[in-house]
Structure formats: C-alpha cells, structure tokens
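To start, the structure under review is shown below, and the notes come after it.
The values are calculated or read from the model by the stated rules, or taken from the named source; none is laboratory data. Not measured: the values here are computed from a predicted model. Virtual Cβ from ideal backbone geometry, glycine too; neighbours counted across all protein chains shown. Please note that ligands, DNA and RNA were not included when accessible areas were found on the heavy atoms of the full protein model with its side chains. Shrake-Rupley method; radii C 1.70, N 1.55, O 1.52, S 1.80 Å.
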Amino acid sequence: MSAADILVVGGGVAGLSAAAALARHGKVVVLEAEDALGVHSSGRSATFSHYGIGTDPVRALTRWSRPLFGEGIARPAPALFFATEEMMSTLIALEADMARFTDSLERLGEAEMQALFPPLRTGPGAAIAGSYYPDGLRLDSDALLQGYARTVRAAGGLVLTGRRIAAVERGWTVATDSGDRWTAPLLVNAAGAWADRIAGMAGVRPLGLRPLRRTIVVVDPPGGADVRAWPFVKSAVDDFYILPESGRLAASPVDEVECEPCDARPDDYDVALAAWKVEQYTTLPVARIAHRWAGLRTFAADRVPAAGFAPDAPGFFWLAGQGGYGLQTAPAMAAVTEALVTGAAWPAGLEELGAGPAEVGVDRLFAA
C-alpha cells in the first residue's frame, strides 16, 4: 500500500491540469489507465480555442483560461463561421452569443470569405455570409499535457501510466490491474468517459455522463497549396468544420454518436459522411483520405463541465463532462477544482463572466 494526499484518476487534460494545481497543497498521484497521457480525448481534439461552441458558461471558462496558456502552448489562428441562406438566423444568434465575450468579430461577404479560405463554396445554396474571428488560438495538446505533468512531478507528485483501476474502496483506496494499491483521503474522479464507471466501483451515484464519438478525416489541399495561414472554418449550424493540419486539411462532420467508453475507432459511415461534407461545403474533391481517427467527447446533461464533491461520498471529487472543450477550459476548471478542494475563494472574475458555482458546481446535476 502506497499513500498520497490526493489521488487523481485520469491522465487527460482535466486530471493533469487539476493535479498541477493541487500539487501545491500535498502529494498528488495521477493514475492513468493507458500507457500514454491524453489518449482518448485530449490527444484527439481539434485543439482549437474559440467562442463558437458551447453555452455561455463554457465561453466564460474559455475566456478566463486564455491568458494562462504559456509560451509554446497557444499560437494565434483565425476562425471563420459561415452560413448558407438557411443558416443566417443561426449565424446571427451565434454572433450575439460570441459578442458577449469578444469584440473582434467581423461580418464578411462571399468574396472576403473565399480570400481567406479559397475552397469554400459560396453563392446560392452555399455560403453567403460569415463571421470572422481573428483571435482564435491553436493549442498544442501534447505540450499542455506534458507541462502539467512536469508541474506535478516537480512538486514531488507522481504521474503513472498503465494503471487501470480495478477496484475502489471508500477511504479512499484504489487497486489497479498492475497490482498497485494507493490510498488517500481525497479521490479526484477525472476519468472522462469512464468517470461514471469509477463512481460505480466506489458505490457513488453517477452523473449520467454521455460519451459521444466524433470523427475526423485528413484530406489533401488543392494543388499542393500552402494552407498554414488558412482559418479554422465552421458552419453556423455546427455540422461541419475544417482546418489546417500539418500541411493538409482536417475535417469533421461534427458527429455525435452514442458510444460506450472505449478506444474509439472511426466508423466507415462517419468517414464517408465527413468526405461528403467536405465536398458539399467546399470545392475540394476527396480523392483519398490521408488519415482518419475518432475520439470521445463526454458531456453532462447540460453540456457544461462539472466539478465538486459527491454529496453521497465524502472525499470523492467529481471533475467530469469536459465535452469538446476540455483543452480550452482546462486552466479555469483546474482553478475551480483547487478552490473547491481547499476551500479558497472562487477564481477571481470567473463568476462575473458567467461561470460561478451554480453553473459549474456538481450540485446542479444532482438537484436535477
């Protein structure tokens, strides 16, 4: 039996960012089931930070987090949200939502959109207007994960991979498939798609989390074009996005397929759907798919991340439901976790932005 002050189950961005914040307060041990960090969600993200997804609390978490991404983690990258005639009311509503958190939006016409992203289809039946957001950020997920892990280790903690949880006993003691046993008075459940299963092992009421599979395909740019300066492009109705990826273009049909917690693999239908969306919204012919992958995005019922102590299990702390915005909200959620665990004040300015205890705290989900 090995002892710690805090056990964190899950080595994705949620668990690692929280562990880095909590490492200031005691010995933290992170237990990750896979042989690498961020395998299922954090490492399969589009890694783009913007205000075009999520609800107002998610946008608030994103706004608060932006200044805390250090050098080498984030680089400027513009975004373009486009609309067909049928999507215009949605684009107008999206602009209003985003305008509460940024004043850098600019409405563009067809020629201006094509100047930014030449393959975009415009005109009747295609994109007729767009909202340009120049202040997006492209995040380096691996650098972010490794940076948090280094912070934990520098404080005397441990980040252990290949430690799949086999049993949880109140107290808290966890046993892993590798034969380890760890005990601590505080257990942080940041297991992503597996968080409800960890709760089940502990006899704790689940949150009712929904893991959803998303597919991404990588296609060739037109005529060997240099796409590095092209923006992240997304439909206003959230059924397609495309962005530069290592000299090619990564695209998704923004699918959300109900999925058991697993090592997600792309389904042939969803890959075909992604290719069809590329050809529907752009002039790119998809002659081949250079690469494909799928990842899990796990949501709470209201699609807002949740943090807080379980009401039915003292010392059991939930950090779950990061959905598709775990990277861009990680600094804020780590600060929330630190405040709730230590009894400190809520992170300064976060509640005023719209992400206070009522919006982010776990109690809202048990009261529902």
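How much length, in nm to one decimal, is gained on full extension between R170 and A358, taken as 0.36 nm per residue of separation minus their Cα-Cα distance?
Values: separation 188, 0.36 × 188 = 67.68 nm, distance 2.73 nm.
Gain on stretching R170 to A358: 64.9 nm.
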Applying the Karplus parametrisation 6.51 cos²θ - 1.76 cosθ + 1.60 with θ = phi - 60° to the phi angles of the range 350-358, what ³J(HN,Hα) value in whole Hz is obtained for each residue in order, glycine and proline being reported as x? 6, 5, 5, 6, x, 10, x, x, 5
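Where the eigenvalues come from the Cα gyration tensor of the range 130-242, what are the semi-axes √(5λ) of the equivalent ellipsoid, largest first, in whole Å? The partial results should precede the final answer.
Working: eigenvalues 312, 78, 38 Å².
Gyration-tensor ellipsoid for the range 130-242: 39, 20, 14 Å.
Provide the packing ranking of 63-75, 5-17, i.e. peptides ordered by the mean count of other C-beta atoms within 10 Å per residue, highest first. Mind showing how you got there, number by number?
On the way: 63-75: 16.1, 5-17: 28.8.
Going from most to least packed, we get 5-17, 63-75.
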The chain, Gaussian network, Cα under 10 Å: of G208, G130, G43, the residue fluctuating most is G208
In the P(r) worked out for the range 10-128, what percent of Cα pairs fall beyond 25 Å? 43 percent
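How large is the convex hull of the C-alpha atoms of the range 179-232 per residue, in Å³? Kindly include the intermediate steps, with their values, before the conclusion.
Numbers: hull volume 11.4 nm³, N = 54.
In the range 179-232, the Cα convex hull volume per residue is 212 Å³.
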Suppose the Debye formula is applied to equal point scatterers at every Cα of the range 241-287; what is log10 I(q)/I(0) at q = 0.29, 0.32 Å⁻¹? -1.17, -1.27
For the chain, with all protein chains present and a 1.4 Å probe, just round the carbon and sulfur fraction of the accessible area to a whole percent. 51 percent
If Rh is defined by the Kirkwood formula over all Cα pairs and Rg also comes from Cα, what ratio Rg/Rh do you get for the range 291-368? 1.00
For the chain, Rg(Cα) over 2.2 N^0.38 Å is 1.00
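Quick check for you: with a 1.4 Å probe and neighbouring chains kept, what is the accessible area per residue of the chain, in Å²? Write out the running numbers ahead of the final one.
Numbers: 14570 Å² over 368 residues.
I get 40 Å² per residue for this part.
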Based on the alpha-carbon gyration tensor of the range 60-126, what equivalent-ellipsoid semi-axes (square roots of 5 times the eigenvalues) come out, in whole Å, largest first? 27, 17, 9
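Helix-only mean residue ellipticity at 222 nm, the chain, DSSP H runs n ≥ 4 weighted -39,500 (n - 2.57), per residue, nearest 500. What is it? Please list the in-between numbers first.
Working: 11 runs with 105 residues, N = 368.
Rounded to the nearest 500, it is -8000 deg cm²/dmol.
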Debye intensity ratio I(q)/I(0), log10, the range 220-368, q values 0.11, 0.14, 0.19 Å⁻¹ (C-alpha model): -0.60, -0.83, -1.12
Just to compare against my own numbers: the Cα pair-distance distribution for the range 113-160, 10 Å bins, whole % per bin, please. 20, 25, 16, 16, 16, 7, 0
Rounded if a/c is under 1.5, else prolate if a/b is larger than b/c, else oblate: which is the range 8-78, with a ≥ b ≥ c the root eigenvalues of its Cα gyration tensor? prolate
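Where nothing but the Cβ of Lys and Arg (+1) and of Asp and Glu (-1) is charged, how large is the charge dipole of the range 42-105 around its Cα centre, in debye to the nearest 20? Let's see the in-between values first.
Details: 6 positive and 7 negative charges, 76 e Å.
Its charge dipole is roughly 360 debye.
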